[in-house]
């Protein structure tokens with residue numbers, strides 16, 4: 001669980017770095033591009049400090065991890081190298097490196113697997129989740145009129161190319177709240193103020209996702225709620241009648257909100273997009289681009305791999321895309337079926353070890369978080385430089401550790417209730 005060797009406390013640099021990066025390119029950049037780039041670069045520097053110190057400490061310790069984890073890290077680096085060799089280091093590559101969360105920065109996040117996680121690191125993780133919840137709350141409250149009363153009305157019947165920037169507003173709170181839902185899944189040993197703030201942020205984030213018709217984000221919120229309910233219902237200390245009342249109350253609340261607000265334009269966006277097929281066309285172009293190319297299916301096309309897709313493009317240069325909003329296809333585009341299979345295997349094994357082979361609620365909560373991420377793979381989960389992307393590898397690291405799974409007991413987790 002903890003190494004006897006004194007290890008530099010660098011994880012907080014990565015956590016703050018990715019939070020700052022997310023703020024930079026989702027909140028600051030639309031206001032002032034120079035300010036956004038400046039904050040984003042600082043976040044990247046923080047992250048690289050973590051990577052450098054982690055590799056240095058790892059080599060000095062002489063410890064080892066599972067062979068398939070080494071293989072995943074190695075193959076992720078190969079995907080990056082292929083992209084650089086195929087395209088060279090150009091100004092466009094440098095810009096993509098800085099600004100694209102699914103590019104090189106995303107494929108470096110598995111280096112977290114080399115880090116030796118300590119208990120104070122877990123405290124830092126939950127603190128970051130708490131602060132991230134506050135960021136989401138402030139963002140929604142500052143933009144409340146635009147989110148719930150004004151901007152979303154313009155989305156009714158509008159095309160994607162006309163509204164793509166506005167639609168991102170529906171996702172920004174989720175960038176902070178969804179990874180912070182670890183607080184909700186760890187409710188048994190969280191301070192009350194952490195739970196209160198996270199619950200408020202969760203509700204506001206879900207409402208924002210609904211108002212902008214972000215179906216995948218709504219689905220991820222609901223997956224978290226279902227997993228929380230499963231955790232709560234499995235608790236031996238909660239009486240059956242109390243569980244039934246809580247579930248009944250949640251159902252009544254959902255139906256009441258739906259009934260009283262169903263006629264608002266806020267829900268028309270979601271209703272309009274609920275049955276809309278916005279992915280199959282892109283996925284068909286993706287499949288056509290890979291047709292008859294088995295090597296591309298197996299090994300992918302590198303970190304800057306492209307596929308032909310003229311949908312919503314306004315110029316010939318934009319007919320070739322580097323991003324597809326289907327998580328498992330993004331893996332295939334960059335690293336092929338090899339990296340997708342390794343990723344799914346690693347996360348599934350971590351879920352099994354963390355939930356069924358652990359003696360504490362922390363590992364079980366992290367396992368549920370990984371399960372939610374796997375279920376989200378159809379919509380948009382991929383290797384990315386986001387708080388969720390980093391926390392996925394932290395969760396894998398802990399769930400793979402026998403010390404964390406077997407030596408840490410629930411009584412030790414009571415220390416987390418004193419978090420400030």
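The values are calculated or read from the model by the stated rules, or taken from the named source; none is laboratory data. On a predicted model such as this, the values are computed, not experimentally measured, just so you know. So basically every Cβ, Gly included, is an ideal-geometry build from the backbone, and we count neighbours across all protein chains shown.
Every residue, every condition in (1) surrounded by fewer than 21 Cβ atoms within 10 Å (Cβ to Cβ); (2) touching a strand residue (DSSP E or B) at 6+ places or on another chain (Cβ under 6 Å); (3) assigned to a helix (DSSP H, G or I), yes or no:
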residue	(1), (2), (3)
349	yes, no, yes
354	no, no, yes
369	no, no, yes
381	no, no, no
404	no, no, yes
413	yes, no, yes
416	yes, no, yes
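Of everything listed in (1) surrounded by fewer than 18 Cβ atoms within 10 Å (Cβ to Cβ); (2) modelled with pLDDT of 85 or more; (3) in a helix (DSSP H, G or I), the single unmet condition for residue 31 is (3). Among the criteria (1) surrounded by 19 or more Cβ atoms within 10 Å (Cβ to Cβ); (2) modelled with pLDDT under 90; (3) farther than 18 Å from residue 126 by Cβ, the one residue 339 does not fulfil is (2). Free of Cβ contacts under 8 Å to residues at least 24 places away in the same chain and under 15 Å from residue 17 (Cα atoms): which single residue out of 74, 48, 138 fits that description? Among 74, 48, 138, only 48 is free of Cβ contacts under 8 Å to residues at least 24 places away in the same chain and under 15 Å from residue 17 (Cα atoms). If you go through segment 267-285 one residue at a time, do you hit one that is in contact with a strand residue (DSSP E or B) (Cβ under 7 Å, 6 or more places away or on another chain) and either surrounded by fewer than 21 Cβ atoms within 10 Å (Cβ to Cβ) or at pLDDT below 75 (or both)? Yes, there is a match, as at least one residue in segment 267-285 is in contact with a strand residue (DSSP E or B) (Cβ under 7 Å, 6 or more places away or on another chain) and either surrounded by fewer than 21 Cβ atoms within 10 Å (Cβ to Cβ) or at pLDDT below 75 (or both). Scanning segment 74-100 for residues that are under 16 Å from the mean Cα position of the chain (by Cα) and within 30 Å of residue 404 (Cα to Cα) yields no hits at all.
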